[in-house]
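Readers should treat all values here as calculations from the given coordinates under stated rules, not as data from a laboratory. From a predicted model like this one, the values you see are computed outputs, not experimental measurements. So basically every Cβ, Gly included, is an ideal-geometry build from the backbone, and we count neighbours across all protein chains shown.
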Amino acid sequence: MAALTHMTIAEARAALKAKKISSAELTSAHLKAMEETRGLNAFVTETPERAKADAARADAVLAKGEGGSLEGIPLGIKDLFCTEGILTTAGSHILDGFKPPYESTVSAKLWQAGAVMLGKLNMDEFAMGSSNITSHHGPVKNPWRKKGGNAELVPGGSSGGSAAAVAARAVMGATATDTGGSIRQPAAFTGTVGIKPTYGRCSRWGIVAFASSLDQAGPIARTVLDSAIMLQAMSGYDPKDSTSANLPVPNFEAAVERGVKGLKIGIPKEYRLDGAPKEIIDLWEKGIAWLKDAGATTVEISLPHTKYALPVYYVIAPAEASSNLARYDGVRFGLRVPGKTLDEMYENTRAAGFGAEVKRRVLIGTYVLSAGYYDAYYLRAQRVRSLILRDFTEAYRQVDAILTPATPSAAFAIGEKSDDPVAMYLNDVFTVTANLAGLPGISVPGGLNADGLPLGLQVIGRAFDEETVFAVGRALEKAANFTAMPEGLR
Amino acid sequence: MSLDKDTVRKVATLARIKVPDADLDNMAKELSGVLGWIEQLNEVDVTGVEPMTSVAKMKLTMRADDVTDGGDAETVTQNAPEGAHGFFVVPKVVE
């Protein structure tokens, strides 16, 4: 039943409701696909027994003509979300053996909506990375290869396992998180759809914290509609997260087909980077033409502080991370490496438990927050962050949404860019601004480059206006008509 | 800004991460590279600009000061590398 794993969530949901298929069939097809694609290293933990039990429960509910919005739909969960009684490592050695006694709000909402859990997905350690090579569990491989090439490519990161599993049809959709681009960049690298909603839309409770003022959960799926269905279930106010927005969740699904007629779309001139590959600019031009054809008008806008977004991010994110990661002390959970004194035990545990990129960021964060440097680095970065938000606020006086490329390149080979941290950081150049300003952004596949690799377009919306983001994303999806699949999946 | 070995050693101690002496030079080079790149922020005129301390304009909500959770030491300590009787066990701190 290969066809089952090629269905969209929307199609599968309709087929389940009409009793044309059962969740047990759908789930076992995905468990088989999960086994067959083990070479991608997309999963940290597979939970087949749980999946079968979830499917049986869903089938019983569906038999009564009842069920939630994701009843019987098999999903994967990024290993950053705490799942009760199930290993949760955040891709780190320091969380060895950690089985949370509680469930994250977002994953709990998905189970309430009837979803089936297939397992926990690999990721960059503590979500710090753009290639999924920093995971303690080893790199994830992108199911895509260059035309005629055999080099293994990165799936992007940090939600690399989520994106790879969705692209490989091992899961119908997956949870992910985005601190600087970790949903949108891997989605672009794998020909999938990923949305980071507005900061505060999804509860962060029970998600292992990286940079609390930037982290947001969101879905990766294969269509804009599927991502809307998932985000609908994941969103909503949670008193357990003090930054969760106490606002009603709009009907995202209904917004998808709203169209773009009459919308004004901003094209930020600062995103036309010097030295940007022609294929990226060409795709962007195509996207502009597609939206015009669909009835939108495009306006050139200026976001003058764009070039400072990444350096701001690399002060604020490490600063918050150094504070958040202080909890890994070898006392309460995970790894402990003994030492003669308590301090030595802390130092040994953290030296052995954290990988190179995490150590680098914790040290940078500690430095920029240390006495004498706080004003020069941290406070200055926060002021420039205000200016970045102001750029967007000004722009949204004249436009309804903004169109940009999602990434500055297609997926690169595993091992490339890994010796220069700054070169790796530049992957997030188009995505990081939305995190700093707290805005929703979606990445939608726009086509293939000359090497046959997917490229993505990004739509950034106003705060709490995911509806317009979905509508514009859908217009791009329709025009792009992206039907390509990684070789071997057809 | 370039960091020297001693600064890296000090920061590593603050962060409670053991960095072997042999690695300090390389670490100093890497961190200096990143910090040097960050320093382009000095070009920006931030006179009179408030630091952004909250992403969404929202007030933190108040709640009644009631005990609503807790009393479950076994669950809290179940993931500890070493625990006993509902307590975390650490190396001896007081001689």
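What is the order of A:T297, B:T75, fewest Cβ neighbours within 10 Å to most?
Working: A:T297 14, B:T75 11.
Placing the least packed residue first, the sequence is B:T75, A:T297.
Determine which residues of the stretch B:2-22 fall in the zone a paramagnetic label at B:K29 would reach in this model, i.e. backbone nitrogen under 19 Å from the point 7 Å along Cα→Cβ.
Within reach of a label on B:K29: B:2-9, B:19-22.
What ranking do B:T53, A:T37 get, fewest neighbouring Cβ atoms within 10 angstrom at the top?
Numbers: B:T53 9, A:T37 23.
Listing B:T53, A:T37 from fewest to most nearby Cβ atoms yields B:T53, A:T37.
So, in Å, what gap is there between the alpha-carbon centers of the stretch A:341-391 and the stretch B:37-52?
18
Treating only the Cβ atoms of Lys and Arg (+1) and Asp and Glu (-1) as charged, compute the dipole magnitude of chain A about its Cα centre; round to the nearest 20 debye.
440
Please compute the contact order of the stretch A:274-400 in relative form: average sequence separation of alpha-carbon pairs under 8 Å and at least six residues apart, divided by the residue count, as a percent. Mind dumping the intermediate values first?
Numbers: 98 pairs, mean separation 41.8, N = 127.
Once divided by the residue count of the stretch A:274-400, the mean separation gives 33 percent.
For the pairs A:K286/A:K359; A:K64/A:K109; A:K52/A:K78; A:K32/A:K146, note any where the Cα-Cα span goes beyond 31 Å.
Numbers: A:K286/A:K359 41 Å; A:K64/A:K109 21 Å; A:K52/A:K78 19 Å; A:K32/A:K146 26 Å.
Pairs exceeding the cut-off: A:K286/A:K359.
Only sites in a loop by DSSP and with at most 16 other Cβ atoms within 10 Å count here; which GluC sites (Glu not before Pro) in the stretch A:1-81 make the cut? The partial results should precede the final answer.
On the way: sites: A:E11, A:E25, A:E35, A:E36, A:E46, A:E49, A:E66, A:E71; in loops: A:E66, A:E71.
Sites meeting the loop and neighbour criteria: A:E66.
Could you work out how far helix B:5-14 tilts from the main Cα principal axis of chain B, as a 0 to 90 degree angle to the nearest 10?
So the inclination is approximately 20 degrees.
Rounded, prolate or oblate, given the Cα gyration tensor of chain B, with a/c below 1.5 counting as rounded?
Details: a/c = 3.79, a/b = 1.26, b/c = 3.00.
Cα axes put chain B in the oblate bin.
Check each of the trypsin sites (Lys or Arg not before Pro) in the stretch A:298-382 and keep only those in coil by DSSP with at most 13 other C-beta atoms within 10 angstrom; list them in order.
Working: sites: A:K307, A:R327, A:R332, A:R336, A:K340, A:R350, A:K359, A:R360, A:R361, A:R380; in loops: A:R332, A:R336, A:K340.
Answer by residue number: A:K340.
Which of A:Y308, A:Y237 has the fewest other C-beta atoms within 10 Å, and how do the rest follow up to the most? The partial results should precede the final answer.
On the way: A:Y308 21, A:Y237 16.
So the residues, fewest neighbours to most, are A:Y237, A:Y308.
Using a/c under 1.5 as the rounded threshold, could you call chain A rounded, prolate or oblate? The axes a ≥ b ≥ c are square roots of the C-alpha gyration tensor eigenvalues, and prolate needs a/b larger than b/c, oblate otherwise. Display every interim value, and only then the final one.
Details: a/c = 1.43, a/b = 1.04, b/c = 1.37.
Rounded, since a/c falls under 1.5.
To the nearest Å, what is the center-to-center distance of the stretch A:201-218 and the stretch A:408-485, using C-alpha atoms only?
A separation of 20 Å, based on Cα centres.
Please state the charge dipole magnitude for the stretch A:176-321, taken about the Cα centre, from unit charges on C-beta atoms (+1 on K and R, -1 on D and E), reported in debye and rounded to the nearest 20.
Details: 15 positive and 15 negative charges, 42 e Å.
With only Lys, Arg, Asp and Glu charged at Cβ, the dipole is about 200 debye.
Counting only residues 5 or more places away or on other chains, whose amide H sits under 5 Å from the amide H of A:L121 once H atoms are built in the peptide plane?
Hits under the 5 Å cutoff: A:V44, A:I77, A:K78, A:D79.
Is the stretch A:391-489 rounded, prolate or oblate when judged by the Cα gyration tensor, a ≥ b ≥ c being the square roots of its eigenvalues, rounded requiring a/c under 1.5 and prolate requiring a/b larger than b/c? Mind showing how you got there, number by number?
Details: a/c = 2.88, a/b = 1.28, b/c = 2.26.
Oblate is the answer for the stretch A:391-489, as a/c is 1.5 or above yet b/c matches or exceeds a/b.
Using only alpha carbon pairs under 8 Å that are at least six residues apart, calculate the relative contact order of chain A and give it in whole percent. Could the numbers behind the result be given before it?
Details: 1208 pairs, mean separation 85.3, N = 490.
Once divided by the residue count of chain A, the mean separation gives 17 percent.
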